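A.B. asks: Would you mind keeping the following structure in view while I ask a few things?
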Amino acid sequence: MNCLAEELNALLDGAAAGRLMSGLGRRLYFPKGIIAQAGEAKKSAHRGNATIGMAFQEGKPLILSAAADAMPGLKPEEIAVYAPTAGIEKARTLWKDLMIRKNPSLAAGSISLPAVVPGLTAGISYIADLFLDEGETLLASKPSWDNYELIGAERRGGNFRELFFFNNEKNNEKNNEKGLDLAALKKSLEEEAETGEVRIIFNFPNNPSGYAPTQGEAEALVRLIREIAENGADVLAICDDAYFGFFYEDDTFKESLFSRLAGLHERVLAVKIDGPTKEDYAWGLRMGFVTFGSKGLSPVQYDALVAKLMGAIRSSVSCSNTPAQYLMLKTLEDPRTPGEKEANYRLMLKRYRAVKDFIAGHPPHPNLQPLPFNSGYFMTFRCIGVAAETLRKKLLAQEGIGTISFGNEYLRVAFSSIDEGQIFSIYQAIYAEASNLAKL
Ligand SMILES: Cc1ncc(COP(=O)(O)O)c(C=O)c1O
């Protein structure tokens, strides 16, 4: 093993982060090669910086006019120059400041500096690289975003398992209670904890259900994770906060679970994966952040963890997109942004309310049972007596309505992408086609 990897491992070995690390995670390191040497030179090479494979003239990067003209708000060095492996310092510190503002309970604890990755997907994939080995189990909600399985099972060879999270699932007798099925979750997590290690993704607001825990449910989840850690299991808690901020009800817990898990217990390694993709309406920007939090980790240990992540970044995409980071910085610093975000949030809230009104204004559909939803971009029906995929195809072919099926059990509707005025008629069509299908 490379001696730099061994040095990082030695720093992390006594901590949950070290114990949970995969074989690949243990082998990764950030080389003291081109990038590190060029970084040193950037600070002190005042005569001439002959380190890196970029082309400069009189201190400015060479750039083609078409690229420069297409991004008039950015300087050539904000477009063409490689970004540092873990991202532009200012983007990282600004995101951390915002994260603490959005999650006040984080202020007291210690967390790493967020590292920039090319989108949340990349962040999840890197964390799976670092912490999931072949045959190890990765838990998520049932249903969950389909990319978790692709990353956890197909890419990393892990054992991907979806747990009953939501209260009106068929394993639950108390069908009228909406929210998290904490009893089912406790049972599954305690069973998993018997292996000595738990790796779980919390995705709130959830894709596809559109659910985020209430205050009480969040407290109960945190208590459960603490108990598991106190009983001796190491826990990797990945918080995929892609839809953070889209909370529509008063009683919802409006911070990331990360803010409570980051300093919870020495055996808990919390990882926050977030970014501007959904929060800041920048889906194509391909930019995300990974932040670590674990009780008792020192700044040197956080640096070691980030160095492991930098090894994953350097060995795959080398670094993230530079203009994306500057565009994000400009967006977050622009005085128009808060007002526009508020207006967009109101738009989403109205759509959410229109869906709730439709459902409340109709008798329960015998074939379509909404999973609990109170947040995010989506809501999902559990299909009973009709196959979700058949319904999806029928809606598309006969009504011109696009939805997403998750297997044959769930049909997801992204109310985020339909205008409020269309919601009633679209849901009417969904109800009608489900009834027609059930009659066949
Ligand atoms: C739960 C969840 N996480 C992550 C992502 C991906 O984010 P990004 O586009 O930044 O890779 C999505 C996108 O649909 C998502 O639904």
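The values are calculated or read from the model by the stated rules, or taken from the named source; none is laboratory data. Everything numeric in this text was worked out from a predicted model, so none of it was measured. No Cβ is skipped: glycine too gets one built from the backbone with ideal geometry, and neighbour counts run over all protein chains shown.
A.B. asks: Name every residue in segment 190-217 that is surrounded by fewer than 22 Cβ atoms within 10 Å (Cβ to Cβ) and either without any contact (Cβ under 8 Å) to a residue 24 or more places away in the chain or not in a strand (DSSP E or B) (or both), in order of residue number.
C.D. replies: Glu190, Glu191, Glu192, Ala193, Glu194, Thr195, Gly196, Gln215, Gly216, Glu217
A.B. asks: I would also like to ask the following. Please enumerate the residues belonging to segment 116-167 that are within 21 Å of Thr380 (Cβ to Cβ), small (Gly, Ala, Ser) and either part of a loop (DSSP other than H, G, I, E, B) or away from the ligand (no atom under 16 Å from the Cβ) (or both).
C.D. replies: Selection gives Ser144 alone.
A.B. asks: Would you mind telling me which numbered condition in (1) touching a Ser or Thr at 6+ places or on another chain (Cβ under 7 Å); (2) part of a loop (DSSP other than H, G, I, E, B) Leu264 fails?
C.D. replies: It fails just one condition, (1).
A.B. asks: Right, next: With the checklist (1) within 16 Å of the ligand (Cβ to nearest atom); (2) outside any helix (DSSP H, G or I) in hand, flag the one item Trp95 doesn't pass.
C.D. replies: Of the numbered conditions (1) within 16 Å of the ligand (Cβ to nearest atom); (2) outside any helix (DSSP H, G or I), the odd one out for Trp95 is (2).
A.B. asks: Would you call Phe406 outside the structural domain of Asp280 (by TED's automatic domain parsing), within 16 Å of the ligand (Cβ to nearest atom), in contact with an Asp or Glu (Cβ under 9 Å, 6 or more places away or on another chain) and within 26 Å of Ala212 (Cα to Cα)?
C.D. replies: yes
A.B. asks: Return only the number of the condition from (1) surrounded by 14 or more Cβ atoms within 10 Å (Cβ to Cβ); (2) more than 16 Å from the ligand (Cβ to nearest atom); (3) in a loop (DSSP other than H, G, I, E, B) that Ser105 does not satisfy.
C.D. replies: The failed condition is (3).
A.B. asks: Here's something else I'd like to know. So, in segment 255-289, of the ones that are under 13 Å from Ala17 (Cβ atoms) and touching a residue at least 60 places away in the same chain (Cβ under 8 Å), which residue ends up nearest to the ligand (Cβ to nearest atom)?
C.D. replies: Top of the filtered list is Val271.
A.B. asks: Take the conditions out of contact with any Lys or Arg (no Cβ under 8 Å at 6 or more places or on another chain) and in a loop (DSSP other than H, G, I, E, B) and apply them to Phe373. Does it pass?
C.D. replies: It is true that Phe373 is out of contact with any Lys or Arg (no Cβ under 8 Å at 6 or more places or on another chain) and in a loop (DSSP other than H, G, I, E, B).
A.B. asks: Let me ask you something else. If the requirement is being more than 16 Å from the ligand (Cβ to nearest atom) and outside the structural domain of Gly210 (by TED's automatic domain parsing), which of these qualifies: Lys295, Lys350?
C.D. replies: The conditions single out Lys350.
A.B. asks: Pull up segment 376-391, narrow it to residues that are assigned to a loop (DSSP other than H, G, I, E, B) and under 28 Å from the mean Cα position of the chain (by Cα), then point me to the one that is nearest to Ala212 (Cα to Cα).
C.D. replies: Among them, the one singled out is Gly376.
A.B. asks: Right, another one. Checking the structure you have, find out if any residue of segment 230-238 is within 11 Å of the ligand (Cβ to nearest atom), crowded, with 24+ Cβ neighbours inside 10 Å and closer than 25 Å to Leu98 by Cβ.
C.D. replies: yes
A.B. asks: Right, Ala86: among the small types (Gly, Ala, Ser), touching a helix residue (DSSP H, G or I) at 6+ places or on another chain (Cβ under 9 Å) and in a helix (DSSP H, G or I) or not?
C.D. replies: Taking the combined requirement at face value, the residue does not satisfy it.
A.B. asks: Of all the helices (runs of 4 or more DSSP H) wholly in segment 6-45, which have at least 2 residues that are outside the structural domain of Asp129 (by TED's automatic domain parsing) and charged (D, E, K, R)?
C.D. replies: 34-44
A.B. asks: State all residues of segment 62-94 that are without any contact (Cβ under 8 Å) to a residue 24 or more places away in the chain and aliphatic (A, V, I, L, M); if no residue qualifies, say none.
C.D. replies: Selection gives Leu62, Ile63, Leu64, Ala66, Ala67, Ala68, Ala70.
A.B. asks: Are there any pairs with C-beta distances below 8 angstrom linking a residue in segment 342-361 that is in a helix (DSSP H, G or I) to a residue that is surrounded by 15 or more Cβ atoms within 10 Å (Cβ to Cβ) and among the acidic types (Asp, Glu), with the two at least 6 apart or on different chains, and if so which?
C.D. replies: So the pair list comes out as Leu347/Glu420; Lys350/Glu420; Arg351/Glu420; Ala354/Glu420.
A.B. asks: Looking at (1) among the acidic types (Asp, Glu); (2) touching a Lys or Arg at 6+ places or on another chain (Cβ under 9 Å); (3) not assigned by TED's automatic domain parsing to the domain that holds Glu197, which is the one condition that is false for Asp69?
C.D. replies: (2)
A.B. asks: Also: In segment 45-92, how many are over 31 Å from the mean Cα position of the chain (by Cα) and of a type in the set (Phe, Trp, Tyr)?
C.D. replies: Result for segment 45-92: 1.
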